[in-house]
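Below is one structure; the comments refer to it alone.
Derivation of every value follows stated rules applied to the coordinates shown; laboratory data play no part. Because the structure is a prediction, the values reported are computed rather than measured. Cβ atoms come from the backbone with ideal geometry, glycine included; neighbour counts cover every protein chain shown.
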Ligand code: NOJ
């Protein structure tokens, strides 16, 4: 190996020196090309020894987060909650659950993060509240209560028959009967998460006030939970049942007929709300508030709409297509990344690889080359044009640790769906800081809310920090390059070698003419990749290595680059 890893890290640091002016320009829209780190607060760092992560734990780890090159943290919900859906069932939108700390702790987190130029993004759950929220308690108390119309109440079709065939995303009917008032209420998620009635202006105003409350407390944005499900068909028509070729209903993991979600998702009205949320956000210009959407849409055309016809809705609807292909399908990655480059106007894509609802990156693993596969995936997500989101722990190679027995499952989705659907505990296990018992997450001897995966002995921050070939070191260099290298920070993107079914490669070209080629072998076999220097727009055949899979040689010629299985190169063109 002619150029050692430490030299590459040195090169990345050197590039940082000339980046001050560029960073100033990027500050205009801080989220452009940014790295956002998703933290599941229950699982990041337990500071008070109760087995559950908390805000002070996060504050204590800000220097670590900074070392990853993170610009903003998305906190999944920290509001007071009965924790049926671990915080996505909110009982008070303007406070902090005592399990996680206090508003004062939150303010300290925001202030300490700010000192490190890290922004805090809150999760805003607008579709539903907890059934313990005072609004719902009032709404359920009688048909005449002023809050009755804050939720979606309907009569059944007949005695014991819900209003229609709508289902909860978490299994079975979406209608819960309330014996006291003899009506059903609608819940897209758990029965303990009744849907708000967004046709009621009072609901809308209450939520815009929640948005203002947190902006005034210093947050730099919101991740809008389940944002496409705010409205339902007012006529309550049945959803279409998805059928197989023989005309039989397809059955989902909960044993219910699969529905097309054509009456409860992406209904008219959503975009009006997005525009209003954006207006509120933009009324605090100094804070540059960003709106991120949980936007499960099926095409780039649909994604484009989430930015708004006049770019006045979400700045960052999540691209949940590229990272979720779930297998190394080179043409599909190429096509979807190209779609994101060409199909959303001048907007910024936001690439996501996984999160607290989906198995971690190791779902792509083959059990043989997992470390190299982790490097491929992080390169695709981070070295592509756009903002990138990374889930805590992926940077050290934490893997999905699905419970083996039903009695160990904490996520109700897994309890309802067992054994076909085992729930989301596997991707929510505690962060692995050290090789000690409880992995440095909780003090030794404390029972942590989910078990510490055995892999923590090897995959942890302490052991990986000093190793040049670790996943953590790879991630840190990649994170730094995304900020400091002009082409990776703000360059446009062109997919290369369109006929290559094995190697995904792309060119990033900055306005100043500098360019980087990213090359990822998507297979378990060695590959040879060839680039025509003319196609790259460079007269030169020489490239400097910015980053490469450990243990590989620097390429000599652009016209013949050998790649090891799942090998990666990031090359600066000269
Ligand atoms: C999406 C969130 O990511 C998920 O964790 C939650 O269960 C549902 N929305 C309901 O809020």
Please report, for the Cα atoms of the chain, the Rg to one decimal and the Dmax as a whole number; what are they, in angstrom? 24.2, 78
Compute the relative contact order of the range 455-574 as a whole-number percentage, counting only Cα pairs closer than 8 Å that sit 6 or more residues apart in sequence. 22 percent
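Please give the contour-minus-distance gain from residue 253 to residue 420: 0.36 nm per residue of separation, less the Cα-Cα distance, rounded to one decimal in nm. Each step should come with its number before you reach the end.
Values: separation 167, 0.36 × 167 = 60.12 nm, distance 0.56 nm.
Answer, rounded to one decimal: 59.6 nm.
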Protection proxy (average C-beta count within 10 Å per residue), highest first, orders 557-564, 178-185 as 557-564, 178-185
Measure out, as a whole number of angstrom, how far apart the alpha-carbon centroids of the range 116-176 and the range 213-248 sit. 13 Å
Between the Cα axis of helix 270-282 and the main Cα principal axis of the chain, the angle (0 to 90°, nearest 10) is 70 degrees
Need the full-extension length gain, residue 155 to residue 244, defined as separation in residues times 0.36 nm minus the C-alpha distance. One decimal, nm. 28.8 nm
So, R0 is 25 Å and r is the distance between the beta-carbons of residue 287 and residue 205; what FRET efficiency does that work out to, to 0.05? 0.75
Please give the helix 201-216 orientation as an angle from the longest Cα principal axis of the chain, in degrees from 0 to 90, rounded to the nearest 10. 40 degrees
Cα point-scatterer Debye curve for the range 96-246, base-10 log of I(q)/I(0) at q = 0.12, 0.15, 0.17, 0.21 Å⁻¹: -0.62, -0.86, -1.02, -1.34
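Which order, highest average first, do 137-148, 396-407, 343-354, 233-244 follow once you tally other Cβ atoms within 10 Å for each residue and take the mean per peptide?
Details: 137-148: 15.0, 396-407: 17.4, 343-354: 19.4, 233-244: 13.2.
Sorting 137-148, 396-407, 343-354, 233-244 by mean packing, highest first, produces 343-354, 396-407, 137-148, 233-244.
If the chain between residue 216 and residue 142 were fully stretched, how many nm would it gain, using 0.36 nm times the residue separation less the Cα-Cα distance?
Details: separation 74, 0.36 × 74 = 26.64 nm, distance 3.52 nm.
Taking residue 216 through residue 142 to full extension adds about 23.1 nm, to one decimal.
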Could you check the spin-label model distance between residue 172 and residue 235? Points 7 Å from the Cα along Cα→Cβ, value in nm. 3.1 nm
Any chance you could check the Cα centroid distance between the range 349-422 and the range 287-310 for me, in angstrom? 23 Å
Sorted largest first, the C-alpha extents of the range 46-85 along its principal axes in whole angstrom are 34, 22, 11
With each run of n ≥ 4 DSSP H residues scored as -39500 (n - 2.57), what mean residue ellipticity at 222 nm is computed for the chain after dividing by its residue count and rounding to the nearest 500 deg cm²/dmol? -7500 deg cm²/dmol
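What Kirkwood radius, in Å to one decimal, follows from the Cα pairs of the range 232-340?
On the way: mean 1/r = 0.0603 Å⁻¹.
It is 16.6 Å.
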The chain: angle of helix 5-17 to the longest principal axis, Cα-based, in degrees nearest 10: 80 degrees
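Among 450-456, 197-203, 379-385, how do they line up from the highest to the lowest mean number of other beta-carbon atoms within 10 Å?
Working: 450-456: 18.0, 197-203: 16.3, 379-385: 23.1.
Ranking the peptides 450-456, 197-203, 379-385 by packing returns 379-385, 450-456, 197-203.
Remind me, relative contact order of the chain in percent, using alpha carbon pairs under 8 angstrom and six or more residues apart? Please report the intermediate quantities before stating the final value.
Working: 1223 pairs, mean separation 79.1, N = 574.
Relative contact order here is 14 percent.
Give me the one-decimal Kirkwood hydrodynamic radius in Å for the range 485-551, with the sum taken over alpha-carbon pairs. If you can, show how the numbers build up before the last one.
Numbers: mean 1/r = 0.0777 Å⁻¹.
Final number for the Kirkwood radius of the range 485-551 is 12.9 Å.
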Label 7 Å along Cα→Cβ of residue 182; the range 143-169 residues with amide nitrogen under 13 Å? 143, 155-156, 158-160
Size-normalised alpha-carbon gyration radius of the range 50-127, reference 2.2 N^0.38 Å: 1.09
